[in-house]
1. Between residues in the range 66-90 that are farther than 19 Å from Met55 by Cα and residues that are among the aromatic types (Phe, Trp, Tyr) and part of a helix (DSSP H, G or I), which pairs lie under 8 Å by C-beta distance while being six or more apart or on different chains?
2. What's the number of the condition Ile20 fails, among (1) β-branched (Val, Ile, Thr); (2) in the same structural domain as Gln2 (by TED's automatic domain parsing); (3) surrounded by 15 or more Cβ atoms within 10 Å (Cβ to Cβ)?
3. Could you tell me whether Val52 is assigned to a helix (DSSP H, G or I) and under 20 Å from Cys112 (Cβ atoms)?
4. Please tell me if Tyr5 is surrounded by 10 or more Cβ atoms within 10 Å (Cβ to Cβ), in contact with a Phe, Trp or Tyr (Cβ under 9 Å, 6 or more places away or on another chain) and over 22 Å from Gly119 (Cα atoms).
5. Among residues belonging to the range 61-108 that are assigned to a helix (DSSP H, G or I) and acidic (Asp, Glu), point out the one that is surrounded by the most Cβ atoms within 10 Å (Cβ to Cβ).
6. Determine whether Glu50 is of a type in the set (D, E, K, R) and more than 19 Å from the chain's Cα centre (by Cα).
Amino acid sequence: MQYQYVNDQQGNPLYVLVPIADFERLTRSEEWENIQTVSDEFDNVSIPNEVVNIMFDKDVSQIAAWRIYRGLTQAQAAEKAGITQAALSQIERKNSRPQAQTREQFSQIYNCLPEQLAG
């Protein structure tokens, strides 16, 4: 197969031109793998764009992004929650998945839904 690349002014690839037969083969939906999904209680939860931007721009967890979005320091949020800053730091780790009780507590502090702190 021969493909043609269309590059930007710096030489970075932007597009790939493919033969029509390859394109048609790649876009036939019957050839796509059907991946089953599992629904859970968080499927219909939305997160404000500002919180999502903080997550990506600052490379922080969802619960940390909410704290930043609400303009609180870790020390301030920890004090409101009655925990140490070190404990909040552990809760805010990127791969942390806070328990329901923790999400409920911080949802009241951050004025959001507990489900919005689950990620």
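1. Going by the 8 Å Cβ cut-off, the qualifying pairs are Ala81/Phe106.
2. It is condition (3) that Ile20 fails.
3. Judged against the criteria, Val52 is a match.
4. Yes: the conditions hold for Tyr5.
5. Among them, the one singled out is Glu79.
6. No: the conditions fail for Glu50.
The values are calculated or read from the model by the stated rules, or taken from the named source; none is laboratory data. For clarity, every value in this text was computed on a predicted model and none was experimentally measured. Ideal geometry is used to build each Cβ from the backbone, glycine not excepted, and the neighbour counts take in all protein chains shown.
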